[in-house]
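Colleague: Starting off with a structure, shown below.
The values are calculated or read from the model by the stated rules, or taken from the named source; none is laboratory data. Computed from a predicted model, the values in this text were never measured in an experiment. Glycine gets a Cβ as well: all are built from the backbone with ideal geometry, and neighbour counts include every protein chain shown. Side chains included, ligands, DNA and RNA excluded: accessible areas come from the protein's heavy atoms. Shrake-Rupley method; radii C 1.70, N 1.55, O 1.52, S 1.80 Å.
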Amino acid sequence: MKKRLFILTNDPVPYGTANANYIRNFAKSVSNANWHVIVIGMKNDDSQREIYKVEDKDDFDIEYWNLNASRIGWKNYLKVYFTYDKSYQEALNKFNANRNDYIYLYSTELSTAKAVVNFYKIENNHKAYGEVEWFQSFQYKYKSFNPLYHMWKKGFLYRVRNFEKAIPISRNLEKFCQKHDCKTLVVPALVDTNIIGNGSSITQDGVVHFIYPGAASDKDSFLCMLTAFSRLSEDEKKIVRFHLTSSMNYKKLKTIFYGSEIVLEKLKDILVYHGWMEYQDLLNLYWISDYLLLARARNTVTISNFPSKVPEMMNYGIVPVCSRVGDYTSRYLKDGFDSIQFNEDNTESCIEALRKAIEIKKNKELSELKRNARLTAVNIFDYRNWGNQITQFLQS
């Protein structure tokens, strides 16, 4: 009989958020190790059902279920954060969870963590939790006066004090977990490299295409990236484009450059705002993109986080041009082999990296970097590489 892993989260599954993407690939890796996986998430549904199943087209031994609840609005959010432990435990009982099973928690909500910790039918050493962020007060409106920050911190400390095992996304989070006597396994953001062909093409339009995909993150230094573009020579500006997707738009950039809007004026011919895109249109954009541009300052938040856009773009053969911050540059990527790296959010260093990227494409040397970026995605970040490590860790 197959071993069973229950994954508990407050995100909708199997799709809907960046967290859901991480959970889906994590579940695939465990299923690929010949385990049966039951994922219990949360998403509001029009029906009266307390919990409902979501069918998924992927051919894996994974079941996706959602508790029928909303986290939108203060009243709903507080209700879920503090009181939904019984709902998750009732769901576990529905599947007859027992001492032979395992649980993985992927949630910042206090009640979900308590549901796992207090579920006596599963042994404590069969329980693990994932940690992917180390938020700081400066990320919140009103900073340390924001109750949301203190709620997150309360859950953060509760998890590390009440679990024997942790699966952090970075070595910095691993050190924190180990200080609290947690046994650890670091697992980065994962991808499925079978969903595409062999990566992107190289355009012959004389333009070097940079991309920043997805919603804008407060971890990323747009001021550094766009200032670097603005300080390129006029000839260099004519042959570069910076593609922005999802919620990143001119209005949002103006708030970043408040008082320095002249910088944006210099970039009007470089920036391409795509907004929300249909899936095929997004793939077409990936197909022509040469480089992912990602600048980050070095702080507790950034060295603890692992941006999923890095392996996702490498999966399409898009080469990261990124600052040396966090595990992805220090542990997984190699400068000049599958990436171009520069110093933190230093503008001069970023300009140098942009120019290096431009010259590489001009000299027709880009194909090798793109091929290597794709190989790194296959050999390191593909979920198939991690199933045995995760299952062995859960059983240790």
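Colleague: List the aspartates and glutamates whose alpha-carbon lies under 14 Å from that of K28, not counting same-chain residues fewer than 8 positions away?
Modeller: D56, D58, D59, D61, E63, D192, D382
Colleague: Once amide H atoms are placed 1.01 Å from N in the peptide plane, what residues at a sequence separation of 5 or more from D338, or on another chain, have their amide H within under 5 Å of its amide H?
Modeller: Amide H to amide H, under 5 Å and 5 or more residues apart or across chains, D338 pairs with nothing.
Colleague: What accessible area per residue, rounded to a whole number of Å², is obtained for segment 54-171 using a probe radius of 1.4 Å?
Modeller: 51 Å²
Colleague: With +1 on each Lys and Arg Cβ and -1 on each Asp and Glu Cβ, how big is the dipole of the chain about its Cα centre, in debye rounded to the nearest 20?
Modeller: It comes to approximately 1040 debye.
Colleague: What nm value, rounded to one decimal, do you get for the distance between D281 and T203 when each label is placed 7 Å out toward the C-beta?
Modeller: 1.6 nm
Colleague: In addition: Of the chymotrypsin sites (Phe, Trp or Tyr not before Pro) in segment 243-282, which ones lie in a loop per DSSP and count no more than 14 other C-beta atoms within 10 Å?
Modeller: Passing both the DSSP loop test and the Cβ count: Y258, W276.
Colleague: Strictly over 24 Å apart at the Cα level, which of K2/K121; K127/K175; K3/K165; K254/K370; K75/K153; K53/K165 would you flag in this model?
Modeller: K254/K370; K53/K165
Colleague: Report the paramagnetic label zone for S47: residues of segment 68-96 whose backbone N is under 15 Å from a point 7 Å from Cα along the Cα-to-Cβ axis.
Modeller: Only 68-69 fall inside the zone, counting backbone N under 15 Å.
Colleague: Taking only C-alpha pairs under 8 Å that are 6+ residues apart, what is the relative contact order of segment 267-372 in percent?
Modeller: 25 percent
Colleague: Are there chymotrypsin sites (Phe, Trp or Tyr not before Pro) in segment 71-130 that DSSP puts in a loop and that have at most 16 other Cβ atoms within 10 Å, and which ones?
Modeller: F95, Y120
Colleague: Taking R0 as 30 Å, what's the FRET efficiency between K237 and R331 from their Cβ-Cβ distance, rounded to 0.05?
Modeller: The value I calculate is 0.30.
Colleague: Related question: In whole Å, how far is the Cα centre of segment 118-150 from that of segment 380-394?
Modeller: Here the two parts' Cα centres lie 24 Å apart.
Colleague: For segment 107-147, which trypsin sites (Lys or Arg not before Pro) pass both filters: DSSP loop (anything but H, G, I, E, B) and at most 10 other C-beta atoms within 10 Å?
Modeller: Within segment 107-147, the qualifying trypsin sites (Lys or Arg not before Pro) (loop, at most 10 other Cβ atoms within 10 Å) are K141.
Colleague: Sticking with this structure for a sec: Could you work out how far the C-alpha centroid of segment 179-250 sits from that of segment 303-318, in angstrom?
Modeller: With segment 179-250 and segment 303-318 each reduced to a Cα centre, they are spaced 9 Å.
Colleague: With a cut-off of 8 Å between alpha carbons and a minimum separation of six or more residues, what is the relative contact order of segment 159-261 in percent?
Modeller: 22 percent
Colleague: I'd like to compare 239-245, 42-48, 173-179: which one has the highest average count of other Cβ atoms within 10 Å, and what's the full order after that?
Modeller: In decreasing order of mean packing, 239-245, 42-48, 173-179 become 239-245, 173-179, 42-48.
Colleague: Which lysines does K251 reach when only Cα atoms under 27 Å apart count, and residues fewer than 8 places away in its own chain are ignored?
Modeller: K141, K143, K219, K237, K238, K266, K268, K309
Colleague: Follow-up. Given the options N146, N32, N299, which has the most mean-square fluctuation in a GNM of the chain, springs set between C-alpha atoms less than 10 angstrom apart?
Modeller: Largest GNM mean-square fluctuation: N146.
Colleague: Using 0.36 nm per residue, how much length does the chain from L375 to M1 gain when fully extended, once their Cα-Cα distance is taken away?
Modeller: 131.1 nm
Colleague: Give the percent of DSSP beta bridges with both residues in the chain that are antiparallel, rounded to the nearest 5.
Modeller: Antiparallel: roughly 10 percent of the beta bridges in the chain.
Colleague: What are the ³J(HN,Hα) values, in whole Hz, obtained from phi via the Karplus relation 6.51 cos²θ - 1.76 cosθ + 1.60 with θ = phi - 60°, for each residue of segment 280-289 in sequence order, with x given for Gly and Pro?
Modeller: Calculated HN-Hα couplings, in order: 5, 5, 5, 4, 4, 5, 4, 4, 9, 6 Hz.
Colleague: Using a 4.7 Å cut-off between beta carbons, which cysteines in the chain end up with no partner cysteine at all?
Modeller: By the Cβ distance rule, which asks for a partner under 4.7 Å, the isolated cysteines are C224, C322, C350.
Colleague: How far, in nm, would the chain grow between K141 and N100 when pulled straight, counting 0.36 nm per residue and subtracting the alpha carbon separation?
Modeller: Between K141 and N100, full extension yields 10.3 nm more.
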